[in-house]
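Here's the structure, in structure tokens; my notes come after.
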Amino acid sequence: MRNGTDARGVNGDDLEKAKIGRWSISFTALRAYTMVIAMIAIWIFFQVKTVSDIYPYGLFLHPLNFANLLKQMAVTGVLAVGMLMVIVARQIDLSVGSMVGLAGGIAAMTQDHGLVVALGSAVVVGTAIGALQGSLVAWGNIPAFIVTLGGLLAWRGVILYLSRGETIPIRLPVFRSLGVALVQPAVGFILAGVAVAAVIWTTWRRNAARKRHNLPPSSALVTVARIVIPSILIFAFVYHMNRQGGVPLPVLILVFVALIGAFVMRSTTFGRYLYAIGSNPEAARLSGISITRHILGAFAFLGALVGVAAILHTGRVGSASPDAGSLMELDAIAACVIGGTSLMGGRGTVAGALLGALIMASLDNGMSLLSVENATQYIIKGAVLVAAVGFDMAGRRKG
Amino acid sequence: MTAMTALLEMREISKTFPGVRALDHVSFDLQRGEIHALVGENGAGKSTLMKVLAAVYPAGTYGGEILVGGKTMRFSGIRDAEAAGIAVVHQELSLVGEMSIGENIYLGREPKRFGMIEWEALFSSAQRLLGELHLDLDAHTPVGHLGIGQQHLVEIAKALARDAGILILDEPTAALTESEAEILFAILERLRKKGVGIVYISHKLGEVFRLADRITVLRDGRTVSTDPAGALDTARVIARMVGREVTDLFPTAVRHPDNVVFEARNVTVEDANVPGKILVRNVSFSVRRGEVLGVAGLVGAGRSELLMGIFGAHGGPHRGEFFVDGERIDIRHPHDAIAHGIGFVTEDRKKFGLLLDQSLVTNMTLATLALMGKLLVHVDAETAAGERSMRDLRIKAPSVFVDAMTLSGGNQQKVVLAKWLLTNPKVLFLDEPTRGIDVGAKQEIYLQINRLAEEGLAIVLVSSELPEVLALSDRVMVLHEGRVTGEFTRSEATAEKVMACATGQTRAA
């Protein structure tokens, strides 16, 4: 995911430095490291707590459980990538949970017309709803909070009406497999090889481009590290997953979505303008950017990803129930915020949002393994969310 | 004034901001039943002096002494000043639009009984106050439903509700229509008869001479003079306001303007919030290749609105015909203006110019990316462009990747300038390009303006600093209340002539 590590500063020093002892480190980097360290701490905690006779090294990170965790995370992760775009543009979407229910339900209802129709209609419905809500925000000047709060209620109502309150089982095997299937181990390694090749290619291209524009080239050590570290992580991950049968297909889909999201946010003018609009809408407008068009685009993009998330979720559960997806909007927003996205707009990265989704999924999964009561789970997740933002604000004040 | 104790006396007030001496031993006094006008150029220290009086800057942060009714006062906050009977009506409104007139007038001082607000008492006394001011308004009307002018009158009512003995009005007529201004003048006359002391800050010398008993002129943070209004005339006041020599802060340049690049005809701009209030009326001008056209005028003359209207960025109704290189162009959105080669360094860089929490390179390439309509950002190409601009404009920053908020004001202003130069404009609008930056940075901006003009750019320069306009412009156009009141060539333009036009006298050439 190195495409999305830092959408703002390519490799620049940040002036906002935090001091730790005699070490001085940029605040943005400090925050990213802290989140990664927090996640590793959470993992170690659950790993130690799940040691048993059957799993002497702990169950939590065992391939069987970890694959499960990632399948759960895939849905939230896809939603978080879309939510990130909307939040970066200083908007919000509260309706994605209900949209997951509606898009998944319509996919289930149309499955008799074939796989393409079923999956296509989920994505089309998501995009259309996103575009509708986006245009109400952009052209109608209705605050996004209100439009999508209305959507949260209305789309849930629509799927209750269409399904008459019944749960529809998924009969198409391919549809189900999208949410649960494992990629053949051999194919997994081939894809890992392709990914490493892509890492090498982008690093090489980057160095060539720097030379072309007379910028100082990266040192050999940095270049090698840029290639070797991601490559090791990619192969280690695939090897780990292959021990339980292969990389889950939804995880592969999430990686694909995240790469697209990171590319859009970092390398396209569309993404750049979303940051600009979220940072200072007036300055963006005076620089010749159409605010309405880009806000509409962000909502439509999120809508399309909601369609994808609905497919993954419905496939994993194996049926479309009218209350599917409830509260997913909050998971997606929480993932973005824990990952460093500012609700005031202008700040946030795809990598951060995925890290946030992974932390949320780890807490969910770990606490379930430890049979923590539902009530306690909610309280802990809420506290983590508030604490993450509290840390952020405290750091920003010092910086 | 005689042995009678002054209502208010400010003795030897000095106030320093980092790097700037805003007030230098300024003395000022006010008698009961007097209107004392305070005039001076933008930045002369009028507002700072009144902020000292109103304890926006509390005791201890300034030098000198304040006496009210002969007693030395040390206000530690705005509340103390209010308690001493000092009420300020600022240029910016401090009303809550959603609340009624009555609620606004008594906001924070609601009449209470057993801890509960007595609404009947509140509204009846508010209504009585409105009646005393001859304002035909219902105290229950939400303030947001009123026009801006009426809101200012409510603001004045709010100040009077505190039984203020000292009333400070800062540019009270800037937002008023003529008839609303008449209402205000009538109110002030009645207050004067009641013995209220009024400090009247205004750029409009016509009003000043009509109302004031005495006039104090401030310049560069010092008192130039205090005289009875009868002993003065407009010309003398203007001379005292501008009487400053233009130092060699300004680099000299010889330019040879070429053919006309940009022309605007009959630009009219209306207020976005008050339908029918005209901010700019039938203004026409043109600017040549390699020429700097200065636009002078006082705050509220409609200079920024003129540029915003042309640029397609004004929120309210606006019309006019625009020509670039002789061809008629249509501007509906800033994007159209940029596409036709117009660049606009807007005033207030933090509000309109910069993405403060984004990198310098993001800021600098923003308008260019939008102009090119490209889909992809080539990070390395834009980094190279950003670093080139940084060298050309001598922007001081560790790298192009730091956030814009970390830079000093002068360097921030250069980043905004870089943004527009990267779009390769034919004509560049500069609105207050040196506001709030230090003298060194100002001079660098002046050098850039000269360099750009020499390279053939057409520049329209709006500035409230008269010496700046006079030194940099090949021609000066003066606006007053949205109209052109004068136009001068470089050799004709003098501070006195321009200021006379800016204060509403039309040019007697």
*Kindly list the number of the only condition in (1) buried (at least 20 other Cβ atoms within 10 Å of the Cβ); (2) away from every other protein chain (no Cβ under 11 Å); (3) in a loop (DSSP other than H, G, I, E, B) that fails for B:G316.*
(1)
*What are the residues in region A:200-217 that are assigned to a helix (DSSP H, G or I), hydrophobic (A, V, I, L, M, F, W, C) and at the interface with another protein chain (Cβ under 10 Å from one of its Cβ atoms), if any?*
A:A208, A:A209
*Taking only pairs six or more apart or across chains, which ones have beta-carbon atoms under 7 Å, a first residue in region A:293-306 that is aromatic (F, W, Y), and a second residue that is assigned to a helix (DSSP H, G or I)?*
A:F299/A:V86; A:F299/A:G130; A:F299/A:A131; A:F299/A:Q133; A:F299/A:G134; A:F299/A:V137; A:F301/A:G82; A:F301/A:M85
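Yes/no per residue for (1) surrounded by 15 or more Cβ atoms within 10 Å (Cβ to Cβ); (2) touching a Pro at 6+ places or on another chain (Cβ under 9 Å); (3) under 27 Å from A:V317 (Cβ atoms):
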{"position": "A:T127", "(1), (2), (3)": "yes, no, yes"}
{"position": "A:G130", "(1), (2), (3)": "yes, no, yes"}
{"position": "A:A138", "(1), (2), (3)": "yes, no, no"}
{"position": "A:N141", "(1), (2), (3)": "no, no, no"}
{"position": "A:A144", "(1), (2), (3)": "yes, no, no"}
{"position": "A:G157", "(1), (2), (3)": "no, no, yes"}
{"position": "A:L160", "(1), (2), (3)": "yes, yes, yes"}
{"position": "A:I170", "(1), (2), (3)": "yes, no, yes"}
*Which pairs have Cβ atoms under 6 Å, sit 6 or more apart or on different chains, and link a residue in region A:252-281 that is at the interface with chain B (Cβ under 7 Å from one of its Cβ atoms) to one that is assigned to a strand (DSSP E or B) and surrounded by fewer than 22 Cβ atoms within 10 Å (Cβ to Cβ)?*
A:S267/B:L376; A:T268/B:L376
_Just the residues that are surrounded by 16 or more Cβ atoms within 10 Å (Cβ to Cβ) and closer than 23 Å to A:A351 by Cβ, please, taken from region A:201-222._
A:T203, A:R206, A:N207, A:A209, A:R210, A:S218
_So in region B:365-402, with the set limited to residues that are more than 21 Å from B:Q448 (Cβ to Cβ) and more than 7 Å from chain A (Cβ to nearest Cβ), which one is surrounded by the most Cβ atoms within 10 Å (Cβ to Cβ)?_
B:E382
*State which residue pairs qualify: first residue of a type in the set (K, R) and inside region A:142-157, second residue assigned to a helix (DSSP H, G or I) in any location, beta carbons under 9 Å apart, and separation of 6 or more residues or different chains.*
A:R156/A:G97; A:R156/A:S98; A:R156/A:G101; A:R156/A:L102
*Tell me, yes or no, whether region B:48-59 has at least one residue that is more than 23 Å from the chain's Cα centre (by Cα) and loosely packed, with under 15 Cβ neighbours inside 10 Å.*
no
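Given the criteria within 14 Å of chain A (Cβ to nearest Cβ) and either modelled with pLDDT of 85 or more or within 24 Å of the chain's Cα centre (by Cα) (or both), does B:N424 qualify? Outline the logic, then answer.
Numbers: within 14 Å of chain A (Cβ to nearest Cβ): yes; either modelled with pLDDT of 85 or more or within 24 Å of the chain's Cα centre (by Cα) (or both): yes.
The answer is yes for B:N424.
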*Of the numbered conditions (1) surrounded by fewer than 18 Cβ atoms within 10 Å (Cβ to Cβ); (2) within 15 Å of A:W43 (Cα to Cα); (3) of a type in the set (G, A, S), A:A383 fails exactly one; give the number of that condition.*
(2)
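Working only within region B:248-275, note down all residues that are out of contact with any strand residue (DSSP E or B) (no Cβ under 7 Å at 6 or more places or on another chain) and either within 22 Å of B:A471 (Cα to Cα) or among the small types (G, A, S) (or both).
Taking region B:248-275 and keeping what is out of contact with any strand residue (DSSP E or B) (no Cβ under 7 Å at 6 or more places or on another chain), we get B:248-256, B:272-275.
Across region B:248-275, the qualifying residues are B:D248, B:L249, B:F250, B:P251, B:T252, B:A253, B:V254, B:R255, B:H256, B:A272.
It is to be established whether one or more residues within region A:297-314 are farther than 22 Å from A:V350 by Cα, away from chain B (no Cβ under 14 Å) and surrounded by 21 or more Cβ atoms within 10 Å (Cβ to Cβ).
Scanning region A:297-314, I find at least one residue that is farther than 22 Å from A:V350 by Cα, away from chain B (no Cβ under 14 Å) and surrounded by 21 or more Cβ atoms within 10 Å (Cβ to Cβ), so the answer is yes.
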*asked:* Which numbered condition in (1) more than 18 Å from the chain's Cα centre (by Cα); (2) hydroxyl-bearing (S, T, Y); (3) modelled with pLDDT of 90 or more is the only one that B:T252 fails?
replied: (3)
_Tell me the residue from A:M99, A:M109 that is closer than 18 Å to A:L327 by Cα, hydrophobic (A, V, I, L, M, F, W, C) and surrounded by 15 or more Cβ atoms within 10 Å (Cβ to Cβ), please._
A:M99
*For region B:266-278, what are the residues that are assigned to a strand (DSSP E or B) and either more than 16 Å from B:A313 (Cβ to Cβ) or modelled with pLDDT under 90 (or both)?*
B:N266, B:I278
*Among the candidates A:A181, A:A128, A:A209, residue that is modelled with pLDDT of 95 or more and either over 30 Å from B:A385 (Cα atoms) or of a type in the set (A, V, I, L, M) (or both)*: A:A128
*Matching residues in region B:336-355 - criterion: being surrounded by fewer than 20 Cβ atoms within 10 Å (Cβ to Cβ) and within 7 Å of another protein chain (Cβ to nearest Cβ)*: B:K351
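Pick from region B:340-379 the residues that are of a type in the set (G, A, S) and at pLDDT below 90: which of them is farthest from B:A458 (Cα to Cα)? Explain how you work it out, then say what you get.
Applying the first criterion (of a type in the set (G, A, S)) to region B:340-379 yields B:341, B:343, B:353, B:359, B:367, B:370, B:373.
Next, only the ones that are at pLDDT below 90 stay: B:370, B:373.
Working: B:A370: 22, B:G373: 25 Å.
The residue in question is B:G373.
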*For region B:287-294, state whether one or more residues are under 18 Å from the mean Cα position of the chain (by Cα) and under 30 Å from B:A37 (Cβ atoms).*
yes
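Counting only residues that are assigned to a helix (DSSP H, G or I) and under 19 Å from the mean Cα position of the chain (by Cα), how many does region A:238-277 have?
Qualifying residue count for the region: 24.
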_Just to be sure I understand, how many residues within region A:282-292 are free of Cβ contacts under 8 Å to residues at least 12 places away in the same chain and under 25 Å from the mean Cα position of the chain (by Cα)?_
0
*Does any residue of region A:327-350 turn out to be over 26 Å from A:M35 (Cβ atoms), among the hydroxyl-bearing types (S, T, Y) and at pLDDT below 95?*
no
*For region B:484-497, does any single residue satisfy the condition of being farther than 27 Å from A:I289 by Cα, under 24 Å from the mean Cα position of the chain (by Cα), free of Cβ contacts under 8 Å to residues at least 12 places away in the same chain and in a helix (DSSP H, G or I)?*
yes
_Just to confirm my filter: which helices (runs of 4 or more DSSP H) fall fully inside region B:93-209 and include at least 2 residues that are surrounded by 15 or more Cβ atoms within 10 Å (Cβ to Cβ) and under 30 Å from the mean Cα position of the chain (by Cα)?_
B:101-105, B:148-160, B:178-194
*Considering (1) more than 13 Å from A:G82 (Cα to Cα); (2) more than 14 Å from every other protein chain (Cβ to nearest Cβ); (3) touching a helix residue (DSSP H, G or I) at 6+ places or on another chain (Cβ under 7 Å), say which one A:S368 fails and leave the rest.*
(3)
*Regarding A:A18, is this residue at pLDDT below 60 and not charged (D, E, K, R)?*
yes
_Top-ranked residue in region B:403-418 [being touching an Asp or Glu at 6+ places or on another chain (Cβ under 7 Å) and more than 8 Å from chain A (Cβ to nearest Cβ); ranked as farthest from A:A209 (Cα to Cα)]_ = B:G410
*asked:* When you check B:R32 against the structure, is it farther than 23 Å from B:I437 by Cα, of a type in the set (D, E, K, R) and surrounded by fewer than 22 Cβ atoms within 10 Å (Cβ to Cβ), yes or no?
replied: yes
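The values are calculated or read from the model by the stated rules, or taken from the named source; none is laboratory data. Since the structure is predicted, the reported quantities are computational estimates derived from the model, not experimental observations. As a convention, Cβ positions derive from the backbone with ideal geometry for all residues, glycine included, and neighbour counts pool all protein chains shown.
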